[in-house]
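Step one of this worksheet: look at the structure below.
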Amino acid sequence: MVEKHFDTFKNELRADKISLRSNEALFGHIFVSFICLYIYCAILNRLKAAKLLTQISPHDLLTKFSKVYAYQVGEGTELSEVPKRVRDLSRKLNYPIFPN
């Protein structure tokens, strides 16, 4: 399991390319990369639980979700149109992030 996560860390997140000049920047980079790995694994587990991993990867899921934008309109926030496929994926994964 550790090897698989390390492979994800290196290849999917491309977090092994580090050329930073200070220790603080290095530690910050590793910390943010760890958070990204945690989120990636959480999405992966949701896809496995919903039996959708054969249909869509975590990267593809994030790409589809990135098609929805939030706009500042006056005092409030409006969402762009949520594609049907994105709304369906949200329901299947039990991610209630888009209003009905």
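One residue stands out among those in region 45-76 that are more than 15 Å from the chain's Cα centre (by Cα) and of a type in the set (Val, Ile, Thr): the one that is modelled with the highest pLDDT, which is Thr54. Arg91 meets each of the listed conditions (1) over 17 Å from the mean Cα position of the chain (by Cα); (2) at pLDDT 90 or above; (3) of a type in the set (Lys, Arg) apart from (1).
The residues in region 47-70 that are in a helix (DSSP H, G or I) and under 15 Å from Val86 (Cα atoms) can be counted, and the count is 9. Among residues of region 72-100 being part of a loop (DSSP other than H, G, I, E, B) and among the acidic types (Asp, Glu), the one that is farthest from Leu62 (Cα to Cα) is Glu75. On the stretch given as region 1-30, residues that are under 17 Å from the mean Cα position of the chain (by Cα) and either modelled with pLDDT of 85 or more or of a type in the set (Ser, Thr, Tyr) (or both) total 1. Taking residues in region 56-85 that are over 23 Å from Asn45 (Cα atoms), and partners anywhere that are among the charged types (D, E, K, R), the pairs with Cβ atoms closer than 6 Å and at least 6 places apart or on different chains are Tyr71/Glu78.
Among the residues of region 44-100 satisfying the criterion of being basic (Lys, Arg) and in contact with a helix residue (DSSP H, G or I) (Cβ under 7 Å, 6 or more places away or on another chain), which is surrounded by the most Cβ atoms within 10 Å (Cβ to Cβ)? This residue is Lys64. Among the criteria (1) among the small types (Gly, Ala, Ser); (2) modelled with pLDDT of 90 or more; (3) surrounded by 15 or more Cβ atoms within 10 Å (Cβ to Cβ), the one Ser33 does not fulfil is (2).
The values are calculated or read from the model by the stated rules, or taken from the named source; none is laboratory data. Only a predicted model underlies this, so the values are computations on that prediction, with no experimental measurement involved. Counting neighbours? That spans all protein chains shown, and the Cβs are built from the backbone with ideal geometry, glycine included.
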